[in-house]
Every structure is written in C-alpha cells, then in structure tokens.
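This report concerns only the one structure given below.
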Amino acid sequence: MQRKRRIAIAGSAANPISLGHEEFAEALTHSGLFALVLWFPSGTRTDKPDLASPEDRVHMTEIVFNEAWRTAQPTAFRIDLREAFRPSIPTIQLLREIQQEHIDAEIVFATGVDVLAPRKEYGNRSDVERYWVEGEKLLCDWTFAVFPREGYPRPEILQKEGKLPAHFLLLPRSESPAAGISSTEVRRRVKAGESFDDLVRPEVAKYIREHGLY
C-alpha cells in the first residue's frame, strides 16, 4: 500500500524569528520525511503581551524564509499566514483545519521535545498534557515530528521509556549551536542593550533596530 503524502505543520510566534527557528525548519526540509512543510507565524495571544505586531513578525519570517531560501530547500516549504492576523487557536483545531484541506495526506505536527518531556512539577506530565487544549487527544490521535532541544531529555530516551506520543517521527539532532537559540534570549539581549547579532540573521537584526522592537 502506498504511504500517504506527509505534510509537516510547524511555526512560531517569530518574536523575533531566530537562527534556532531556521535550524528547526531546515531539519524538517532536509529530513526526507515530508512532501511539504507549512510554516505558521502564530496569532495574537493574551498570555504573550510582549508580542510584536503581526506585520512585524510576518515580515521577519519572510526575511528569513525568502524565495531564495525556499528554492534551496529539498522539500517544498510554504509560509501560511492564516494564523498571524487572528487570535491564536488551539493546535488541535489548526490541525483539523489543515486535515480538511488535505484529506488524503498525513498531517504531522512538528515541535521541540521540550513540550513533550515529562516534568516533575506537573506530576510527570508534559506541557501538552497539562496546558494544551485537548492535549491528551492531540497526543493520541496525531503524529508528531520531534526535534531535540538543548537541556531536555533526548527523544530516543523518552521513546525507550514510552513517554513520546502514540505516533511520532524523530528528527535528526543538530550539532549546530543555533539549534539552542531562543527568541526569549534575543529579546532579553535587546532590552539589556547587549549584542544579539549572533542569534538572528543580519537582516532581522537590522529590522529590529530600525523599527525599535523589543
């Protein structure tokens, strides 16, 4: 039987988009696992009052994932803006929406292992189980592509312990320092007046400075 066409769903708040996000996107496009990668800049969130405007976040995303970058990828990559200009919806709702548009495809949610790793303070439950809307159903019913993150258990270890979702794909571990870069650290450095040029693309750094972000 022919395997279903796989579509990876990924994204970020892009607040701002960092070299870590680019590393994650390239892990997806170079994995050979997907026919298409859809990248979603997330919508507005009440729990993130320091979000830059949707226009700024979309522009920074398009700076990084420009036409030249997309053309160079071995897997088709598209930026989907439906989320950016509306209040953020639960992940499971977005996946259902995409599945309706691609009935014959396997929709895969790509994320870092940090949201799947059990935490003692949550009673050995993960972020997804504790906080996400229909988190347990999401873990049971949908396929995850799991990206290793610095400071968290390796997915291979969680796999052996039976602590990964019911259906998952392991993305290759990146040895690049960029894989551990977070938007939080970028914003911290900007606010502190420290150099952040090693965390984002030069064009993104220029945009942040010119528009007085963060």
Worksheet entry | Scope the stretch 155-172; condition touching a helix residue (DSSP H, G or I) at 6+ places or on another chain (Cβ under 9 Å) and either under 22 Å from ALA14 (Cβ atoms) or surrounded by 15 or more Cβ atoms within 10 Å (Cβ to Cβ) (or both); matching residues | PRO155, LEU158, LYS163, LEU164, PRO165, PHE168, LEU170, LEU171
Discussion item. Restricting to the stretch 29-55, count the residues that are modelled with pLDDT of 90 or more and either crowded, with 19+ Cβ neighbours inside 10 Å or part of a loop (DSSP other than H, G, I, E, B) (or both).
Written reply: 17
Worksheet item: Residues in the stretch 83-106 that are of a type in the set (Ser, Thr, Tyr) and modelled with pLDDT under 95: how many?
Response: 1
Discussion item. Being of a type in the set (A, V, I, L, M, F, W, C), surrounded by fewer than 17 Cβ atoms within 10 Å (Cβ to Cβ) and in contact with a strand residue (DSSP E or B) (Cβ under 8 Å, 6 or more places away or on another chain): is that true of ALA25 here?
Written reply: no
Worksheet item: Does PRO74 meet the test of being surrounded by 17 or more Cβ atoms within 10 Å (Cβ to Cβ) and within 24 Å of ARG149 (Cβ to Cβ)?
Response: no
Worksheet item: What are the pairs, 6+ residues apart or on separate chains, where a residue within the stretch 45-70 that is under 18 Å from GLU23 (Cα atoms) has its Cβ under 6 Å from a residue that is charged (D, E, K, R)?
Response: ILE63/GLU203; VAL64/GLU22; VAL64/ARG201
Item to complete: Provide a single number: the residues in the stretch 109-129 that are over 17 Å from LEU95 (Cα atoms) and either among the hydroxyl-bearing types (Ser, Thr, Tyr) or surrounded by fewer than 15 Cβ atoms within 10 Å (Cβ to Cβ) (or both).
Response: 7
Item to complete: Kindly establish whether THR91 is touching a residue at least 24 places away in the same chain (Cβ under 8 Å), farther than 26 Å from GLU134 by Cα and within 17 Å of the chain's Cα centre (by Cα).
Response: no
Worksheet item: Which residue out of GLU62, GLU106 is outside any helix (DSSP H, G or I), surrounded by 15 or more Cβ atoms within 10 Å (Cβ to Cβ) and touching a strand residue (DSSP E or B) at 6+ places or on another chain (Cβ under 7 Å)?
Response: GLU106
Fill in: Filtered residues of the stretch 65-93 (kept if of a type in the set (D, E, K, R) and outside any loop (DSSP other than H, G, I, E, B))
GLU67, ARG70, ARG78
Worksheet entry | Contacts under 6 angstrom Cβ, first residue in the stretch 203-214 being on the phi > 0 side of the Ramachandran plot, partner at pLDDT 95 or above and crowded, with 18+ Cβ neighbours inside 10 Å, 6 or more apart | TYR214/ARG187; TYR214/VAL190
Response to the item:
If you go through ALA205, ALA178, the only one that is farther than 12 Å from LEU116 by Cβ, assigned to a helix (DSSP H, G or I) and at pLDDT 90 or above is ALA205
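The values are calculated or read from the model by the stated rules, or taken from the named source; none is laboratory data. Owing to the predicted nature of the structure, the values given are computational and were not obtained by experimental measurement. Backbone-built Cβ (ideal geometry, glycine too); neighbour counts: all protein chains shown.
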